[in-house]
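Engineer: Have a look at the structure that comes next, please.
The values are calculated or read from the model by the stated rules, or taken from the named source; none is laboratory data. All values derive from a computational prediction rather than experimental measurement. Heads up, the Cβs are rebuilt from the backbone with ideal geometry, glycines too, and the neighbour counts pull from every protein chain shown.
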Amino acid sequence: MTRPLNYKVALIVPVFNEQENIEHFVTQVKKILESELEHLHVVFIDDGSKDNSAAIINKLIEQEPNLISLIALSRNFGKEAAMSAAIDLINADAYIPIDVDMQDPIELILDFIKYWRDDGYDSVCGERVDRSQDSGLKRVSSGGFYYIFNKLSLRIKIPENVGDFRLMDKKVVKAVRSLSEGNRFMKALYAWPGFSMKLVPYQRPKRFAGTTKWNYWRLWNFALDGIVGFSSLPLRVWSYIGTLVGVVAFIYMIYILTTTLLFGSDVPGYASLMCVVLFLGAVQLVSIGVLGEYIGRISQEVKKRPVYIVNKITGKLQDDYNRENVVGIVADDKQNKHNT
Ligand code: UDP
Ligand code: MG
């Protein structure tokens, strides 16, 4: 398998209040990658930062106009939307989403490139082998999530301990772009097209500076997005549970009718009655809740709101981005301005 000789590699770097990390990240990228990769493009996506992140990136663009670009979103849309904007807009042969906080080791990119270029893999993903930096609760909840997701989602499996840090060939990205849902659970969307995949193990270090943007409530909703977006089993299971409870109830009814007819009725039965009423009430509420999770997301999807709004593009990306792929809106699109 041969890849184009002058292949273009784009680093996709979502940034939300990361002023302490950006300069260090760029220094490391230059040190480790610049001499190895001829056409390297580092595209930051400012996901509505409130700190100096955008100013720092703009300063770096002035120093490195051929290396760095910035897609500034109009507010905080979340990391998933930020990555969607980047893969829609950028034109490259290989795409690498990477965090700016140094938790995704930059050296690993050279291995990614090797597997992609020399061995012909279409996706090369970093696999965290050591999660000792994560809290026990995070490890257990994340393991549980992958287990449940892969059990419920029949066709799309996401490898455990694989985050967004990976390399994707442009054909994978082209397929991902064609997925039009507003619910951007990128890990599964990246896995959806299939193609060949290689896992590269790595140790996940601590954040260089700053704090994580994910709390447990956000992670829980993120997990629900993933499961609800890729499986309808939680919806369908209620008809089976309903049937089972119905069969048991029917057998119990026959038993009660028979004993009443044969031995007469005995009035006590309050405790069993309460148990059945409360149990079935709970089952019904849970099933309505599951319906709610799906209906809520359907109502989000039918509104067809753009996944992101790009406020401004700075750097060399400005002259060469894919207008036809944009599923959000680029507010400062120069070409459109000329047309109107
Ligand atoms: N991030 C983002 N938008 C958000 C939250 C996070 O663009 O709403 C970026 C963040 O700046 C970082 C990456 O996503 O580059 C990963 O975030 P973080 O390190 O907080 O996640 P963790 O590594 O703890 O999972
Ligand atoms: Mg991080």
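Engineer: Which residues, counting only those in the range 189-225, are of a type outside the set (A, V, I, L, M), under 24 Å from ALA81 (Cα atoms) and within 11 Å of ligand 1 (Cβ to nearest atom)?
Structural biologist: Selection gives ARG204, ARG207, PHE208, GLY210, THR211, THR212, LYS213, TRP214, ASN215, ARG218, PHE222.
Here is a yes/no grid of residues against (1) near ligand 1 (Cβ under 9 Å from one of its atoms); (2) crowded, with 21+ Cβ neighbours inside 10 Å; (3) over 26 Å from the mean Cα position of the chain (by Cα):
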residue	(1), (2), (3)
ARG3	no, no, yes
LYS8	no, no, no
ASN21	yes, yes, no
GLN28	no, no, no
HIS41	no, yes, no
ASN58	no, no, yes
SER69	no, yes, no
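Engineer: Moving on. Among the residues of the range 164-188 satisfying the criterion of being in a loop (DSSP other than H, G, I, E, B) and among the small types (Gly, Ala, Ser), which is nearest to ligand 1 (Cβ to nearest atom)?
Structural biologist: Ranking the candidates gives GLY182 first.
Engineer: Looking at the range 90-112, I want the residues that are over 23 Å from THR212 (Cα atoms) and have a partner that is assigned to a loop (DSSP other than H, G, I, E, B) and within 16 Å of ligand 2 (Cβ to nearest atom) with Cβ atoms under 9 Å, at least 6 apart or on another chain. Which pairs are those?
Structural biologist: Going by the 9 Å Cβ cut-off, there are no qualifying pairs.
Engineer: Which one is surrounded by the most Cβ atoms within 10 Å (Cβ to Cβ) among residues in the range 254-271 that are small (Gly, Ala, Ser) and modelled with pLDDT under 80?
Structural biologist: GLY269
Engineer: Still on this model: Among all residue pairs at least 6 apart or on different chains, which show Cβ distances below 6 Å where the first residue, located in the range 41-68, is closer than 15 Å to ALA10 by Cβ and the second is part of a loop (DSSP other than H, G, I, E, B) and aliphatic (A, V, I, L, M)?
Structural biologist: Within 6 Å, the pairs are VAL42/LEU67; VAL43/ILE90.
Engineer: Does at least one position in the range 127-147 carry a residue that is within 15 Å of ligand 2 (Cβ to nearest atom), under 23 Å from ASN21 (Cα atoms), loosely packed, with under 13 Cβ neighbours inside 10 Å and under 14 Å from the mean Cα position of the chain (by Cα)?
Structural biologist: No, the range 127-147 contains no residue that is within 15 Å of ligand 2 (Cβ to nearest atom), under 23 Å from ASN21 (Cα atoms), loosely packed, with under 13 Cβ neighbours inside 10 Å and under 14 Å from the mean Cα position of the chain (by Cα).
Engineer: Of all residues in the range 79-94 being within 11 Å of ligand 1 (Cβ to nearest atom) and farther than 22 Å from GLU23 by Cα, which is surrounded by the most Cβ atoms within 10 Å (Cβ to Cβ)?
Structural biologist: Going through the qualifying residues, I end up with ALA85.
Engineer: Hey, can you tell me all the residues within the range 52-105 that are in a loop (DSSP other than H, G, I, E, B), within 16 Å of ligand 2 (Cβ to nearest atom) and among the charged types (D, E, K, R)?
Structural biologist: If the condition is that a residue be in a loop (DSSP other than H, G, I, E, B), within 16 Å of ligand 2 (Cβ to nearest atom) and among the charged types (D, E, K, R), then ASP99, ASP101, ASP104 are the ones that fit.
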